[in-house]
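K.L.:
Quick one: the structure is below, questions incoming.
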Amino acid sequence: MMRVLLASDHYPPFVGGAQRQTQLLAQQLHARGHEVRVATVWNDELPDRSQDGAVPVIRLRQLRTLPVVKGRPRRRHQPPFPDPVTVVELRRLVREFRPDVVHVAGWMAFSASAALAGTDVPLVYSARDYGFTCATATLLNRGRACSGPALGKCLACAGEYYGRPRGWIAVGGVAASAPLLRRRATGIHAVSSYVAEIAERDLYRGVGGPAVAPAVIGSFRVDEPEEEVAAAELPGALPDEPFILFVGALRRVKGLAVLFDAYRRLESPPPLVLIGTLERDTPTDVPDGAVILSQLPHAAVLRAWDRSLFGVMPSLWPEPFGSVVHEAMSRGRPVIGTTPGGHADMITDGETGFLVPAGDVDALTAAMRRLLDDPQLCADMGERARDASAAFDAADAIPRFERLYRDAVAAAGAHG
């Protein structure tokens, strides 16, 4: 049994893949007999401490949440540098809990690195996006996969993304904090082979690596009971006939404009359904035949997959992983994904789906036409996808996390 402190920028009730993974990891570790606590960002109208089942959740304040500066209630985000208030609260929590290992994701990692300075507690960092060296965390520059950090390029990119001077502050914070994380991380968990490559290229830059070899462990799945899926209510707006399905944040970086262009090129296509969260940049030029649904319960999403033909995940950014891909595969549906990025860790091109270059409307259109024109090919790919999805079950992933923790503890002990 180990004492594990999981720290993350966000945690449910906020919706998102990273926070869902932290929650599932906490629950699965607890179920296997480990003592687990979760630390996350303090947010308005949420208690400082609460219970998520058997797992205590502690919400840590920041400089910006102190009474004199916190301003209006809103969703809080961790800054891209060690926040002095968060550092103090993390140190207090570490003294109180005495964890064997701290496992952190997001920009909370910068505060955790500072909080653990002078201790022998091992730090495992989860690279779930590219925020370890990218101020926008997207690894996109002018619509293409970025070749790596450079001051002028990053200032221009982040300034356009966030606005100036906020973007410039983010660049400075990440550039100053990345070396701290590089020195302090005992081990690194990357959600895909691609993210591991980028961490080696941009975070370590040929100057060695963490004490423990990086572990590539994809975001895992805990299946809903089938009776809950069957009983899930579906909205009346869902088409009665089979449809093409997209699931995810309804953002331009997810390739929605490309998907809409490709869909408009299809002749007499089935409906296109998009399920996800509405964002500030959600496209409004929705094509005829498309339906947008938001805030569906997870069991309802799984039931929607069962009624779909196939999935389309046409991300423009190098998707770090995209667990919705293997979720669709687990329901026997092939998926069209994009390269570069983590989709290649799940989709075998031409076997369980198709991989197309990000932003390539012609290639996406051709892949959709092929699945629509050949129902038997679509069904065969779906069956192979179902078999392949077993590799992303919690039963496979959790022992690998435990091994990473044990290796990190051993390495920290040997170093001490």
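The values are calculated or read from the model by the stated rules, or taken from the named source; none is laboratory data. What you see is a predicted model; the values in this text were computed from it and never measured. Note that each Cβ is placed from the backbone with ideal geometry, even for glycine, and that neighbours are counted across all protein chains shown. Side chains are part of the model used for accessible areas, which takes the heavy atoms of the whole protein and leaves out ligands, DNA and RNA. Shrake-Rupley method; radii C 1.70, N 1.55, O 1.52, S 1.80 Å.
K.L.:
Show me, for segment 247-260, the HN-Hα J-couplings you get by feeding each phi into the Karplus relation (A = 6.51, B = -1.76, C = 1.60, θ = phi - 60°), rounded to Hz, glycine and proline as x.
P.N.:
10, x, 4, 7, 10, 4, 5, 7, x, 5, 5, 5, 4, 5
K.L.:
Please state, as a whole number in µm²/s, the translational diffusion coefficient that the Stokes-Einstein equation yields for segment 1-95 at 25 °C and 0.890 mPa s, with Rh defined as the Kirkwood radius across alpha carbon pairs.
P.N.:
Values: Rh = 13.9 Å.
It comes out at roughly 177 µm²/s.
K.L.:
How much of the accessible area of the chain, probe 1.4 Å, is carbon plus sulfur, in whole percent? Intermediate results must be reported in sequence, preceding the final value.
P.N.:
Details: 9280 of 17930 Å².
Carbon and sulfur: 52 percent of the exposed surface of the chain.
K.L.:
When a/c reaches 1.5 or more, the comparison of a/b and b/c decides; with that in mind, is segment 270-399 rounded, prolate or oblate per its Cα gyration tensor?
P.N.:
Details: a/c = 1.32, a/b = 1.16, b/c = 1.13.
It is rounded, given that a/c, with a ≥ b ≥ c, falls under 1.5.
K.L.:
Expressed as cubic angstrom per residue, what is the convex hull volume of the alpha carbon set of the chain? Walk me through the intermediate numbers first.
P.N.:
Values: hull volume 59.9 nm³, N = 416.
Expressed per residue, the convex hull around the Cα atoms of the chain is 144 Å³.
K.L.:
Still on this structure, please answer the following. If R₀ is 22 angstrom, what is the calculated FRET efficiency for the pair ASP223 and THR277, using the beta carbon separation as r and rounding to 0.05? Numbers along the way, then the final one.
P.N.:
Details: r = 22 Å, r/R0 = 1.01.
After rounding, the FRET efficiency stands at 0.50.
K.L.:
What does the helix-only formula give at 222 nm for the chain: each DSSP H stretch with n ≥ 4 adding -39500 (n - 2.57), the total divided by the residues, and the result rounded to the nearest 500 deg cm²/dmol? Present the calculation step by step, with values, prior to reporting the outcome.
P.N.:
Values: 13 runs with 156 residues, N = 416.
Result for the chain: -11500 deg cm²/dmol, rounded to the nearest 500.
K.L.:
Put one equal scatterer on each alpha carbon of segment 309-380, apply the Debye formula with no solvent term, and list log10 I(q)/I(0) at q = 0.14, 0.20, 0.26, 0.28 1/Å to two decimals.
P.N.:
-0.35, -0.73, -1.21, -1.37
K.L.:
Moving to a separate point now. Charges at C-beta only: +1 for Lys and Arg, -1 for Asp and Glu. How large is the resulting dipole of the chain about its Cα centre, in Debye rounded to 20? Mind dumping the intermediate values first?
P.N.:
On the way: 46 positive and 47 negative charges, 452 e Å.
That gives the chain a dipole magnitude of about 2180 debye.
K.L.:
Have a look at the DSSP beta bridges in the chain and tell me what percent are antiparallel, nearest 5.
P.N.:
Values: 6 of 51 bridges.
Within the chain, antiparallel bridges account for around 10 percent of the total.
K.L.:
Another one. On the principal axes of its Cα set, how long, how wide and how thick is segment 173-221? Give whole Å, largest value first.
P.N.:
35, 22, 17
K.L.:
A further question follows. Working from the pairwise distances between different alpha carbons, so that the mean of 1/r is found and then inverted, what is segment 101-179's Kirkwood radius in Å?
P.N.:
Hydrodynamic radius (Kirkwood, Cα pairs) of segment 101-179 is 13.3 Å.
K.L.:
Further, regarding this structure: Taking 10 °C and 1.306 mPa s as the conditions, I'd like the Stokes-Einstein D for segment 22-167 in µm²/s, using the Kirkwood hydrodynamic radius from alpha carbon pairs.
P.N.:
Details: Rh = 16.9 Å.
Stokes-Einstein gives a translational diffusion coefficient of 94 µm²/s.
K.L.:
Normalised by the residues of segment 2-93, what does the relative contact order come to in percent, with Cα pairs under 8 Å and at least six apart?
P.N.:
Details: 127 pairs, mean separation 22.5, N = 92.
Relative contact order here is 24 percent.
K.L.:
In addition: Per 5 Å bin, what percent of the C-alpha pairs of segment 204-272 does each bin hold, from zero upward?
P.N.:
The calculated distribution, bin by bin, is 3, 10, 11, 13, 15, 12, 12, 8, 6, 6, 4, 0.
K.L.:
Just grab the label-to-label distance for GLU197 and ALA31, each label 7 Å out from Cα along the Cβ direction, in nm (one decimal).
P.N.:
3.3
K.L.:
Ranked from highest to lowest mean number of other Cβ atoms within 10 Å per residue, what is the order of the peptides 219-226, 250-257, 235-242?
P.N.:
Values: 219-226: 16.6, 250-257: 20.4, 235-242: 10.6.
Ranking the peptides 219-226, 250-257, 235-242 by packing returns 250-257, 219-226, 235-242.
K.L.:
What number comes out for accessible area per residue over segment 296-370 if the probe is 1.4 Å? Units Å², please.
P.N.:
Counting only protein heavy atoms, the per-residue value for segment 296-370 is 28 Å².
K.L.:
Subtract the Cα-Cα distance of ALA249 and HIS77 from 0.36 nm times their separation in residues, and report this length gain in nm to one decimal. Provide the component values of the computation, followed by the final result.
P.N.:
Working: separation 172, 0.36 × 172 = 61.92 nm, distance 1.75 nm.
Here the segment from ALA249 to HIS77 would lengthen by 60.2 nm.
K.L.:
Using packing as a proxy for protection, rank 313-324, 398-409, 352-363, 160-171 so that the peptide with the highest average count of other Cβ atoms within 10 Å comes first.
P.N.:
Details: 313-324: 25.3, 398-409: 18.7, 352-363: 20.3, 160-171: 16.0.
Top of the packing list down: 313-324, 352-363, 398-409, 160-171.
K.L.:
Of the peptides 366-372, 271-277, how do they stack up when ordered by the mean number of other Cβ atoms within 10 Å, highest first?
P.N.:
Values: 366-372: 18.7, 271-277: 20.7.
The most tightly packed comes first, giving 271-277, 366-372.
K.L.:
Let me ask something else about it. Treating only the Cα positions of segment 362-416 as identical point scatterers, give the base-10 log of I(q)/I(0) from the Debye formula at each q in 0.20 Å⁻¹.
P.N.:
For segment 362-416, the Cα-only Debye profile gives -0.80.
K.L.:
So what J values fall out for segment 360-375 if you push phi through Karplus, 6.51 cos²θ - 1.76 cosθ + 1.60 with θ = phi - 60°, rounded to Hz, Gly and Pro as x?
P.N.:
8, 5, 4, 5, 5, 4, 4, 5, 5, 4, 5, 6, 6, 7, 10, x
K.L.:
Need the full-extension length gain, ILE169 to ARG49, defined as separation in residues times 0.36 nm minus the C-alpha distance. One decimal, nm.
P.N.:
On the way: separation 120, 0.36 × 120 = 43.20 nm, distance 3.07 nm.
Stretched fully, the ILE169-ARG49 segment lengthens by 40.1 nm.
K.L.:
Continuing with this model, one more query. Over segment 122-239, what lengths in whole Å, largest first, do the semi-axes of the equivalent ellipsoid take, defined as the square roots of 5 times the eigenvalues of the alpha-carbon gyration tensor? Don't skip to the end; give the middle numbers.
P.N.:
Numbers: eigenvalues 214, 104, 29 Å².
The three semi-axes for segment 122-239 are 33, 23, 12 Å.
K.L.:
Separate question: Once every Cα of segment 158-197 carries one equal point scatterer and solvent is ignored, give the base-10 log of I(q)/I(0) from the Debye formula at q = 0.20, 0.31 Å⁻¹, two decimals.
P.N.:
-0.76, -0.89
K.L.:
Among VAL216, SER193, PRO165, flag the residue with its Cα farthest along the positive direction of the charge dipole of segment 122-266, charges on Cβ as +1 for Lys/Arg and -1 for Asp/Glu.
P.N.:
Of VAL216, SER193, PRO165, it is PRO165.
K.L.:
Let me ask something else about it. Using the Cα centre of segment 30-129 as the reference point, and only Cβ charges (+1 on K/R, -1 on D/E), how large is the resulting charge dipole? Debye, rounded to the nearest 20. Write down the numbers at each step before the final one.
P.N.:
Values: 16 positive and 11 negative charges, 68 e Å.
Charge dipole of segment 30-129: 320 debye, to the nearest 20.
K.L.:
Just to compare against my own numbers: the Cα pair-distance distribution for segment 193-318, 5 Å bins, whole % per bin, please.
P.N.:
2, 9, 17, 17, 15, 12, 10, 8, 6, 3, 1, 0
K.L.:
Also, I was wondering about something else. Tell me, what HN-Hα J-couplings in whole Hz come from the Karplus equation 6.51 cos²θ - 1.76 cosθ + 1.60 at θ = phi - 60° for each residue of segment 335-342, using x for Gly and Pro?
P.N.:
With the stated coefficients, segment 335-342 comes to 9, 9, x, 10, 10, x, x, x Hz.
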